[in-house]
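Only one structure is covered here, and it is reproduced in the block below.
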Amino acid sequence: MDHDPRIPPPERNVQLEGWELDFYWPDHGVVAETDGERFHMLPGDRERDSAEDAWLQRRGIAVLRIGEFRFEHDRRGVLEDLLGLLGLDGAA
């Protein structure tokens, strides 16, 4: 992910009760998952991702899933979504 000075450094590859979180901001209650096609293309992979999302959401943790296509073609949108979830969308 491109660095933006408004985004605090996340914890990376965090293990939380059996789930591995790609990027985690515990103080903000936000997780960003980077979903490369190689590990997220089969129906079982998507079901596992849905189960993880539900588990996190039940604990009050917001999840942003970022697929390869969106990362390549909509980085500005990804940045805006992440800033919003972190509560930093008003920061300039």
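The values are calculated or read from the model by the stated rules, or taken from the named source; none is laboratory data. As the structure is a computational prediction, the values presented were derived from the model and not from experiment. For neighbour counting, all protein chains shown are included, and Cβ atoms are generated from backbone atoms with ideal geometry for every residue, glycine included.
Key figures for this structure:
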quantity	calculated
Long-range neighbours under 9 Å by Cβ, at least six apart or interchain, first residue touching a residue at least 12 places away in the same chain (Cβ under 8 Å) and at positive phi within the stretch 6-29, second small (Gly, Ala, Ser) and surrounded by 14 or more Cβ atoms within 10 Å (Cβ to Cβ)	GLY29/ALA62
Options GLY87, GLY77; residue that is in contact with a His (Cβ under 9 Å, 6 or more places away or on another chain), at pLDDT 90 or above and loosely packed, with under 15 Cβ neighbours inside 10 Å	GLY87
